[in-house]
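The values are calculated or read from the model by the stated rules, or taken from the named source; none is laboratory data. Nothing here was measured: the structure is a model prediction, and the numbers come from that model. Glycine gets a Cβ as well: all are built from the backbone with ideal geometry, and neighbour counts include every protein chain shown. Areas reflect the complete protein model, heavy atoms only, side chains present, ligands, DNA and RNA absent. Shrake-Rupley method; radii C 1.70, N 1.55, O 1.52, S 1.80 Å.
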Amino acid sequence: MDLVRSVATRLFYAIILLLAVLVLNFSLIHMAPGDVADTIAQSMGGADAEILDQIRVDYGLDQPFIVQLGSYMGRVLRFDLGYSYFYQMPVTDLILQRVPATLLLVFTAQILALLIGVMLGVISARKPNGILSHFVTFFALFGYAAPVFWTGILLLIGFSLKIQWFPVAGMRDVTLIGGFWVHFWDVVRHLVLPVIALSSIFFALYSRLSRATMMETLGSDYVRTAKAKGLPIRSVVYKHALKNALSPVITLAGLQFSAVVSGAVLVETVFAWPGLGTLAFQSIIARDTPTILGILFFSALMVIVGNLLTDFALRAVDPRMRARG
Amino acid sequence: MKHFIKGLFSATAATAILALSAAAQETPTSGGTLVATLTGTPRVLNPAVQSGIVTGLVGAQMFAAPLRYDDGWNPQPYLAKSWEVSEDGLSVTLNLQENATFHDGEPIKSSDVAFSVDVIKAHHPFKSMFAPVTSVDTPDEHTAVLNLAHPHPALMLAMSGQLMAIIPEHIYGDGQDPKNHPRNNEDVVGSGPFKLVEFKPGEHVIMERYDGYWEEGLPYLDRIVARIIPDSSARAIALQNGEIHLSTFESEPTVVNRIREAEGVSVSNDGYGGIGPIDWLAMNTTKGPLKDVRVRQAIAYAIDKNFIMKAVMRGTAKDALTGVHPDSPLYNPDVNSYELDLDKANALLDEAGFPMEDGERFDITMELVPFPGYKPQTEYIKQALSKVGIMVTIESVPDFPSWAKLMGTLDYDMSLDSVYNWGDPVIGVNRTYMTSNIAKGVWSNTQGYSNARVDELLEMAAQENDQEKRKALYAEFQTIVNEDVPIYFLNAVPMHTLYSDKVQNPPITGIWSTSSPMDKVWLKD
């Protein structure tokens with residue numbers, strides 16, 4: 001019963017949060033000078049003043065702020081995220097077109113970074129002064145410090161230009177003819193470099209955190225007790241210590257759900273990956289309010305879902321969480 | 001009639017030259033897929049309601065215009081097999097290709113030309129193109145007569161490139177708003193050599209040859225895939241590793257120079273005269289020290305343009321001394337080039353009543369909009385002007401709309417800007433200098449500049465059909481603006497075409513780059 005109440009409370013707060021995200025962002029975007037008519041004029045190489053006024057009338061931008069906000073919120077409550085001024089199509093369709101590419105990129109990068117990061121973090125925690133530990137620390141710091149677009153360009157120069165193993169841009173080669181597996185491998189080839197670039201940030205986070213928590217856990221009393229009991233070291237580390245050390249890593253991974261949009265923007269732009277990140281970037285540049293708000297709505301939704309999933313995962317690995325209800 | 005014969009003669013001569021040079025080269029082969037790039041997603045594929053170079057690349061393949069232009073800025077037949085300008089200059093008759101059809105097989109008729117003119121007049125961003133057209137007569141299915149309120153020489157360029165897309169009345173005349181018509185981006189029925197296969201925003205536009213194209217044997221290519229790759233470095237690498245064949249409108253100096261040294265690819269800055277992009281320093285002439293022409297001239301003398309050309313543009317840009325692109329036949333190079341002269345700059349500032357005190361004369365702001373390449377030029381100008389006591393504060397503007405607002409309301413002192421000519425001065429030049437167009441939004445007269453003689457010259461030139469007289473009028477206009485310095489012209493934007501050596505007849509001829517049809521482009525094995 002406590003669980004049901006807990007979920008219901010969370011859902012209530014989630015809806016309030018989503019509405020607040022929309023109202024706040026709608027207001028913030030409207031406070032900025034200029035509007036989408038200017039960016040449409042930019043895309044056209046300039047426009048007559050009459051055309052600019054017409055664009056503003058067409059999209060209701062000539063209406064008072066409160067009328068525009070009311071009209072937008074009314075549509076959202078009817079599950080309509082509006083119509084993109086710039087792309088001239090429904091925002092929901094626009095987002096749904098881009099979501100699969102971003103999910104593929106971000107989840108592959110996350111999973112890869114999580115598996116390798118945690119594994120290397122644990123190994124280096126066991127021998128904090130070993131060569132591997134220094135090696136992991138170096139790569140983690142490098143991944144964290146290097147701007148991701150720079151890493152992306154370096155990867156392109158190395159693996160697309162010098163040794164031409166991977167394609168440069170996009171998600172697929174549209175000139176390719178073949179069956180499912182031909183296209184599947186084509187997408188995998190296109191995915192490799194963007195995933196490496198994006199996972200370099202996540203890898204840094206996970207390996208550093210898991211190394212630190214694992215070192216702390218390995219120094220705790222119960223681990224010493226387990227060792228004293230004569231349990232094999234592998235069992236102590238991977239069966240007992242790792243489970244406890246994972247909690248902060250899972251929490252961090254949950255927080256990274258917001259990276260579905262934010263983390264992927266630069267990587268998607270460098271690799272022309274047709275995802276939500278590039279759409280967000282282009283919509284902000286274009287001041288395409290309905291699209292920006294739609295993406296923020298989706299992003300907020302991902303964070304909320306991510307937090308819920310994190311809770312479930314923590315319950316699975318940590319009995320104390322289950323005991324709390 | 002005189003113009004008709006002249007037009008026919010030049011068309012025949014050009015065709016003969018083309019035929020001879022083609023014979024001297026290899027014989028074109030049909031087939032293959034050309035992979036080109038777009039720097040962003042086109043908002044609309046239909047150029048009748050949307051301008052811009054991104055729409056231009058795909059729009060000019062799917063929609064034909066009445067005319068095309070050669071390297072010498074001479075009109076050539078396209079959808080119009082011939083044309084005639086009346087003696088009084090008040091009508092232009094277009095004789096259409098008789099076997100031309102839209103992509104759904106419907107014939108292209110004179111009524112479609114009349115309909116297209118109506119749509120463009122009402123919805124295209126460049127109102128000046130067809131504003132003097134009062135009506136279009138259609139005496140028969142293949143003859144369209146454009147009647148004008150006054151002579152309008154700009155009409156010829158306005159009927160070429162991407163500027164005048166002939167669109168089907170039976171599709172777009174269904175009562176829906178042509179600006180937001182659903183067939184602008186889906187199931188497009190065009191009049192050009194290629195038809196739409198698939199448009200995926202953020203990914204690509206795929207086009208394939210239209211088998212019913214009126215000109216026998218054309219287009220040569222089976223397909224054009226226009227891939228959307230926003231990052232210039234990624235485009236260059238994709239070209240070098242053979243993923244793409246063609247990248248146009250590249251203006252990043254480091255990228256251009258890198259590709260120049262690469263194997264298997266070529267670089268050219270030919271074919272951009274019609275687009276006519278110019279980088280300049282805009283000055284607000286309505287307030288503060290910049291109201292004084294001597295201050296503006298002093299600024300021009302204090303900036304070492306050669307330094308910018310060498311160190312910032314790295315030798316990729318052409319000099320531009322006026323607001324008319326240096327490739328245009330109307331360009332006047334005989335104006336003051338404002339060579340670096342700090343003594344002269346200091347003398348002018350003293351004369352203007354801004355004495356030097358402790359190495360400083362006055363403070364001024366310079367807006368920095370996040371456009372590629374603007375930062376180094378802005379920082380150089382700040383440093384250069386400090387040498388004559390003008391202390392520049394750089395204000396970073398977060399995005400284009402914020403900057404457009406500042407410029408459009410004359411709420412700024414100085415800013416770099418890049419503005420395109422779009423063929424004829426009436427289309428893309430006048431807007432910057434006419435008193436009647438002050439502060440009418442972005443890329444209007446955002447300098448607040450007003451000179452009665454300039455207004456008069458531009459009005460006269462807009463209606464002068466005699467090319468030599470017209471050239472003289474624009475020459476005087478350029479001299480006055482050069483002396484008044486509402487704008488200090490830096491250079492032509494170094495737009496380049498980067499292409500694989502497999503690409504034959506690349507779009508470096510003519511004046512519209514890829515904003516013109518690629519029906520004669522072919523791929524060598």
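May I ask for log10 I(q)/I(0) of region B:275-409 at q = 0.11, 0.12 Å⁻¹, from a Debye sum over the Cα atoms as equal point scatterers with solvent left out?
Relative scattering, expressed as log10 I(q)/I(0), comes to -0.43, -0.52.
Arranged from highest to lowest average of other beta-carbon atoms within 10 Å per residue, in what order do the peptides A:212-219, B:220-227 appear?
On the way: A:212-219: 18.1, B:220-227: 21.6.
Highest-to-lowest ranking by the protection proxy: B:220-227, A:212-219.
Nearest 10 degrees is fine. How inclined is helix A:91-126 to the longest principal axis of chain A, computing both from alpha carbons?
20
Compute the angle between helix A:49-58 and the longest alpha-carbon principal axis of chain A, please, reported from 0 to 90 degrees and rounded to the nearest 10.
Between the helix axis and the principal axis of chain A, the angle is about 60 degrees.
What do you reckon, how do B:Lys440, B:Lys195, A:Lys229 stack up by accessible area (1.4 Å probe), largest on top? If you can, show how the numbers build up before the last one.
On the way: B:Lys440 85, B:Lys195 65, A:Lys229 155 Å².
Correct descending sequence by accessible area is A:Lys229, B:Lys440, B:Lys195.
Would you please give the residues with an amide H less than 5 Å from that of B:Thr365, counting only those at least 5 places away or on a separate chain, with H modeled from the backbone geometry?
Amide H neighbours of B:Thr365: B:Thr393, B:Asp413, B:Met414.
Using helices alone, what [θ] at 222 nm do you get for chain B, with -39,500 (n - 2.57) per DSSP H run of 4 or more residues, divided over all residues and rounded to the nearest 500? It would help to have the intermediate numbers written out before the result.
Values: 15 runs with 152 residues, N = 525.
Computed ellipticity for chain B at 222 nm equals -8500 deg cm²/dmol.
Compute the signed sum of charges (Lys and Arg +1, Asp and Glu -1) over the other residues within less than 12 Å, Cβ to Cβ, of B:Ser91. Intermediate values should be presented prior to the final figure.
Working: positive: none; negative: B:Glu84, B:Glu87, B:Asp88, B:Asp137.
Local net charge: -4.
Assuming R0 = 45 Å, can you tell me the calculated FRET efficiency for the pair B:Glu26 and A:Leu154, based on Cβ-Cβ distance, to the nearest 0.05? Spell out each step's value before the answer.
Details: r = 39 Å, r/R0 = 0.87.
The pair B:Glu26/A:Leu154 has a calculated efficiency of 0.70.
Taking amide hydrogens as modeled 1.01 Å from N in the peptide plane, which residues meet the under 5 Å criterion relative to B:Leu38, leaving out close sequence neighbours?
Amide H to amide H, under 5 Å and 5 or more residues apart or across chains, B:Leu38 pairs with B:Arg227, B:Ile228, B:Ile229.
Quick one: how many lysine pairs in region B:83-221 have C-alpha atoms under 21 angstrom apart, if they're 8 or more apart or on different chains? Working shown, then result.
Working: B:Lys109/B:Lys121; B:Lys109/B:Lys195; B:Lys121/B:Lys179; B:Lys127/B:Lys179; B:Lys179/B:Lys195; B:Lys179/B:Lys200.
Count of close lysine pairs: 6.
Loop-only chymotrypsin sites (Phe, Trp or Tyr not before Pro) in region B:257-350, please: DSSP not H, G, I, E or B, and at most 10 other Cβ atoms within 10 Å.
Values: sites: B:Tyr272, B:Trp280, B:Tyr301, B:Phe307, B:Tyr331, B:Tyr338; in loops: B:Tyr272, B:Tyr331, B:Tyr338.
Counting only loop positions with at most 10 other Cβ atoms within 10 Å, none of the chymotrypsin sites (Phe, Trp or Tyr not before Pro) in region B:257-350 qualifies.
Please give the length that would be gained between A:Leu301 and A:Val188 if that part of the chain were fully extended, namely 0.36 nm times their separation in residues minus their C-alpha to C-alpha distance (nm, one decimal). Walk me through the numbers on the way to the answer.
Details: separation 113, 0.36 × 113 = 40.68 nm, distance 2.78 nm.
Full extension of this stretch gives 37.9 nm more.
For an R0 of 56 angstrom, estimate the FRET efficiency from the Cβ-Cβ distance between B:Phe371 and A:Lys127 and round to the nearest 0.05. Walk me through the numbers before you get to the answer.
Numbers: r = 51 Å, r/R0 = 0.92.
So the FRET efficiency works out to roughly 0.65.
What percent do you get for the relative contact order of chain A when only Cα pairs under 8 Å and 6+ apart count?
25
Rounded to a whole number, what % of the accessible area of chain B do carbon and sulfur atoms account for, probe 1.4 Å?
Numbers: 9300 of 18760 Å².
It is 50 percent, rounded to a whole number.
Can you list the residues of region A:264-288 with backbone N under 19 Å from a point 7 Å past the Cα of A:Met31, pointing along Cα to Cβ?
A:284-285, A:287-288
Taking only complete DSSP H runs, can you tell me which helices of chain B stretch 24 Å or more along their own long axis by Cα positions and average at least -0.5 on the Kyte-Doolittle scale?
Working: long enough: B:2-24 (33 Å, 1.13); B:467-484 (25 Å, -1.11).
Correct list, ordered by number: B:2-24.
If I model a spin label at B:Lys318 and B:Met356 as a point 7 Å from the Cα along the Cα→Cβ vector, what separation in nanometres do I get?
3.8
By its C-alpha gyration tensor, with a ≥ b ≥ c as the square roots of the eigenvalues, how is chain A shaped: rounded for a/c under 1.5, else prolate for a/b larger than b/c, else oblate? Working shown, then result.
On the way: a/c = 2.64, a/b = 1.54, b/c = 1.71.
Oblate shape, in that a/c is at least 1.5 and b/c is the bigger or equal ratio.
Over all residues in A:165-177, what is the mean tally of Cβ atoms on other chains that come within 10 Å of each residue's Cβ?
Values: counts 0, 1, 3, 15, 12, 9, 2, 2, 4, 11, 9, 0, 0.
Average per residue, whole number: 5.
Determine the shielding of peptide A:34-40 by partner chains: average, over its residues, the number of Cβ atoms on other chains within 10 angstrom of each Cβ.
Values: counts 13, 3, 1, 4, 11, 6, 5.
Neighbouring Cβ atoms belonging to other protein chains average 6 per residue here.
Counting only protein heavy atoms and rolling a 1.4 Å probe, how much accessible area do A and B lose on contact, total for both sides, in Å² to 100?
Numbers: alone 18060 and 20640 Å², together 34880 Å².
So the total buried area for this chain pair works out to about 3800 Å².
Out of the total accessible area of region A:19-110 (probe 1.4 Å, heavy atoms of protein only), what percent is carbon and sulfur?
On the way: 2700 of 4090 Å².
Reported share for carbon and sulfur atoms: 66 percent.
Please work out the FRET efficiency for the pair A:Glu216 and A:Arg10, using the Cβ-Cβ distance as r and a Förster radius of 30 Å; give the result to the nearest 0.05.
Values: r = 30 Å, r/R0 = 1.00.
The calculated FRET efficiency here is 0.50.
Once the other residues with Cβ under 10 Å from the Cβ of B:Val442 are scored (Lys, Arg +1; Asp, Glu -1), what is the net sum? The partial results should precede the final answer.
Values: positive: B:Lys405, B:Lys440; negative: A:Asp38, B:Asp417.
Residues near B:Val442 contribute 0 overall.
In peptide B:190-203, how many Cβ atoms from other protein chains are near each Cβ within 10 Å, on average? Display every interim value, and only then the final one.
Details: counts 0, 0, 0, 0, 0, 0, 0, 1, 1, 0, 3, 11, 16, 11.
Across B:190-203, the average partner-chain Cβ count within 10 Å equals 3.
For the protein assembly as shown, report the accessible area per residue in Å² (1.4 Å probe, heavy atoms, rounded to an integer). Working shown, then result.
Details: 34880 Å² over 850 residues.
On a per-residue basis, the protein assembly as shown sits at 41 Å².
On a 0 to 90 degree scale, rounded to 10, what angle separates helix A:131-145 from the longest Cα axis of chain A?
Tilt of helix A:131-145: around 10 degrees.
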